[in-house]
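One structure is given here, and the rest of the page talks about it.
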Amino acid sequence: MAIKILGAGPAGLCAAINLCRAGKNVLVYERRAGAGLRFCPNLQGLRYLYMPPEEFMQKMGVEAKVEFAYFPRAIICTRKRKVELDCSGGSLMPFVVRGAGGELGKHSLDSALFSEAEKLGAQFEFNSRASESDADIIASGSRGEPHSAALGGVFENSDFPRGCQLVMFDDRYSPRGWYSYILPVGNDRVEFVTCVSKPYIPQLAQLHAKAMKERKEIADVVGGRKKIASFAGSASARMPKSARIGKKYFVGEAAGFQDPYMGFGIAYALRSGHLAAKSLLGGSDYDALWRREFGYYLRKDAAYRLVMETLGDAAAELMMSKYHDGQRADLSSTLPEKNAAYRAIVEGFALLARVKRKISGRW
């Protein structure tokens, strides 16, 4: 009998690959016509790896051949200043292409994982109408109301420096304490993305257009440029008491494993897909596995989001206040993760964040 997975995103495909490697028959249901069609191809980051991404992928039990992009320079914009940070001395976050379609989509994480799962014998049912009741592993994306959303566009631009990212904290366009960013995509394109929290989702398109018109740093890069494609997404972050309901394993966004701080979720998706397969194969406690591997990171994300939501873009301004406008600075230091006092503060803020979400319904 086949193990059935609902959803052909990174979480579901990672689970499928690990199960196939163990000799199991796997059937993956996907409501779209193919893997990766949720997104127009764009770059997304993998947080909290603390190891080279190639090593991380091996640890997740996959051999997906994908290229990782790094951005050792970061231009941070607040309302009052623009600071260029040299991030090369610290641990750089790798980015990877997500989505399908066009030449870029051929090299995406989704395409690589799908190819690997298919070669290992996983069966796929696309355009499927299967539901959660039909599957053993639920990897079907966000469940419930989104806590945040993003709207992006891909534009022609070969002038923006490669190896550089621009991140803007400005509540006039990404309230409260959310952000917009520009990343180079290949040699001749850039993507511009605006992220907002739940109350501002209805205004997202207007805020996105307003940022392109009013902020010089954004207008200089995408203003008047040919738009190649648009994409959008939403996330529903939770910290579940359990990611199992009966005999069903919930992974990735379906479990609520999403970053409420900045919206990253790929690493959580891969980790949970891997752990669900491990639990299913060996009988280990899935909830104990994910809590031990990344529960602290989820709580830390919630703590950071509480600070940003409370202070808005003033939090980013405070962090950048030691630099003057136009300054170039080195950012090679890391947060004291092993410091007991620091972790205690994080846990305290995380608890407050969970209480806030329970009362208000949002992070």
Residue within the stretch 138-157 that is in a loop (DSSP other than H, G, I, E, B), modelled with pLDDT of 95 or more, among the aromatic types (Phe, Trp, Tyr) and closer than 23 Å to Leu43 by Cβ present: no
The lone exception for Arg271 - which of (1) in contact with a strand residue (DSSP E or B) (Cβ under 9 Å, 6 or more places away or on another chain); (2) assigned to a helix (DSSP H, G or I); (3) in contact (Cβ under 8 Å) with a residue 24 or more places away in the chain it fails: (1)
Which listed residue, of Gly61, Gly101, is closer than 30 Å to Arg21 by Cα, over 17 Å from the mean Cα position of the chain (by Cα) and at pLDDT 95 or above: Gly61
Among (1) at pLDDT 90 or above; (2) surrounded by fewer than 16 Cβ atoms within 10 Å (Cβ to Cβ); (3) touching a helix residue (DSSP H, G or I) at 6+ places or on another chain (Cβ under 6 Å), the one test that Glu54 misses: (3)
Residue within the stretch 336-351 that is at pLDDT 90 or above and charged (D, E, K, R) present: yes
Residues of the stretch 3-42 that turn out to be touching a strand residue (DSSP E or B) at 6+ places or on another chain (Cβ under 6 Å) and of a type in the set (A, V, I, L, M, F, W, C), as a count: 14
Selection within the stretch 179-200 - in a loop (DSSP other than H, G, I, E, B) and surrounded by 21 or more Cβ atoms within 10 Å (Cβ to Cβ): Tyr179
Options Arg238, Arg172, Arg176; residue that is assigned to a loop (DSSP other than H, G, I, E, B) and touching an Asp or Glu at 6+ places or on another chain (Cβ under 7 Å): Arg176
Residue list for the stretch 69-102, restricted to those being surrounded by 15 or more Cβ atoms within 10 Å (Cβ to Cβ), in a loop (DSSP other than H, G, I, E, B) and touching a Ser or Thr at 6+ places or on another chain (Cβ under 7 Å): Gly99, Ala100
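The values are calculated or read from the model by the stated rules, or taken from the named source; none is laboratory data. Every value quoted in this text rests on a predicted model; they were computed, and no experiment measured them. So basically every Cβ, Gly included, is an ideal-geometry build from the backbone, and we count neighbours across all protein chains shown.
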